[in-house]
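Structure, as structure tokens:
Values in this text are rule-based calculations from the coordinates and carry no lab data. Every value quoted in this text rests on a predicted model; they were computed, and no experiment measured them. Glycine also receives a Cβ, built like all others from the backbone with ideal geometry; neighbour counts cover every protein chain displayed.
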Amino acid sequence: MSQSADEALHRSPVLGPVVFGVLNVTPDSFSDGGKFADASAAIAEGVRLHRDGAHVIDVGGESTRPGAVRVSADEECGRVLPVIEGLVAAGVPVSIDTMRASTARAAVNCGASYVNDVSGGLADESMFATVAELNVPIIVMHWRAHSHEMEKWAQYDDVVMDVVNELTLRVRDALAAGVARANIIVDPGLGFAKDAEHNWALLRGLPRLVAMGFPVMVGASRKRFLGALLADDEGNPRDPFGRDEATAVISALAAERGARYLRVHDVARTRDALRVRQAWITGGQA
Ligand code: PMM
């Protein structure tokens, strides 16, 4: 997608947010792990998500689920680069979900047009300088620690204020490294060193994140706090695939409160929810 097309999409309150379709090329992601470990199956899934209405496919080769251990850079690149090449060849815009500058560079060289760094530049000190040089948009997510130890960092005074303050520091470092202001997207990082209460507070406080002055991405899709919300009478959490309607509702509500990017697994349901919102705004006019 060209920069101008993307801008047209994410600046219009009527057309609504840019939708990123999640494509985890990992054996162990919490909701879709293992399904797309083979490159051709992953490419076919990315093309399907694009047809469902994803503007961009977010390709990740390293699981970030709570407790996950890291994979090597070679392993990560071996997983994602063939998939990115295949999607780009099929005309599908791609984002690379990585914490490594070297993987980001290789992915952009293969045609990826966004870098999605869940560590907000903290895991690899050369990430921001690399992205500045590559001159692509970067999602700077709020993050405190790697997945194997993030749960012990889920402590906040006022989670919205703390996340805004910490993201402000990350953005400051990105700008200092030469990342263009127009290339910065921020993300509260739902579920990353956050429990359910923190996630709901961040969604409720979304306008305070929007007030930072950067487009905001929300990634609530299939996350554990939705499983807990939708638990059965015995308290068993809803399984990840049963969380897609809840995710779609969050997509519409988040768009209403100013989110400009949504990262979801079930693109079709989110696009439907956004169409309902659009019809609501326009009174049903096309
Ligand atoms: N969540 C996950 C992975 N990458 N990227 C951004 N920007 N925001 C998120 O909330 C986010 C992310 C974890 O979810 P997954 O295992 O379903 O990909």
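Do you know the relative contact order of the chain, to the nearest whole percent, from alpha carbon pairs under 8 angstrom that are 6+ apart? RCO, the chain: 18 percent.
Maximal additional length on extending the residue 275-residue 158 stretch stands at 38.7 nm, based on 0.36 nm per residue less the C-alpha distance. The orientation-averaged projection of the convex hull spanning the C-alpha atoms of region 127-245 amounts to 8.5 square nanometres.
Taking label positions 7 Å along the Cα-Cβ direction at both residue 148 and residue 197, the computed distance is 2.9 nm, reported to one decimal. Over all distinct Cα-Cα pairs of region 186-245, the Kirkwood formula returns a hydrodynamic radius of 12.4 Å.
In terms of Cα atoms, the Rg and Dmax of the chain work out to 17.5, 53 Å. Judged by the mean number of other Cβ atoms found within 10 Å, the most tightly packed of the peptides 226-238, 265-277 leads the ranking 265-277, 226-238. Its Cα gyration tensor gives region 56-96 an equivalent ellipsoid, and the semi-axes of that ellipsoid, as √(5λ) in whole Å with the largest first, are 22, 12, 5. With a Förster radius of 30 Å applied to the beta-carbon distance between residue 282 and residue 38, the computed FRET efficiency rounds to 0.10.
Each pair of Cα atoms in region 35-173 enters the Kirkwood radius, and Stokes-Einstein at 4 °C and 1.567 mPa s then converts it into a translational diffusion coefficient of 82 µm²/s.
Contact order for region 54-188, expressed relative to its length and based on alpha carbon pairs under 8 Å spaced 6+ residues apart, stands at 23 percent. A straight chain from residue 211 to residue 229 at 0.36 nm per residue would run longer than the Cα-Cα distance by 3.7 nm. When peptides 38-50, 112-124 are ranked by their average number of other Cβ atoms within 10 Å per residue, the highest-first order is 112-124, 38-50. Were the residues from residue 109 through residue 126 laid out at 0.36 nm apart, the gain over their Cα-Cα distance would be 4.4 nm.
For residue 140, nonlocal amide neighbours, meaning residues 5 or more places apart or on other chains whose placed amide H falls under 5 Å from its own, are 185, 186, 187. Normalised by the number of residues in region 192-250, the average gap of Cα pairs under 8 Å and 6 or more apart makes the relative contact order 28 percent. In this structure, residue 204 and residue 51 have a Cβ-Cβ separation that, at R0 = 35 Å, corresponds to a calculated FRET efficiency of about 0.55.
Each stretch of four or more DSSP H residues adds -39500 (n - 2.57); spread over every residue of the chain, this sum gives -13000 deg cm²/dmol at 222 nm. Our Cα-only numbers for region 76-125 put the radius of gyration and Dmax at 10.4, 33 Å.
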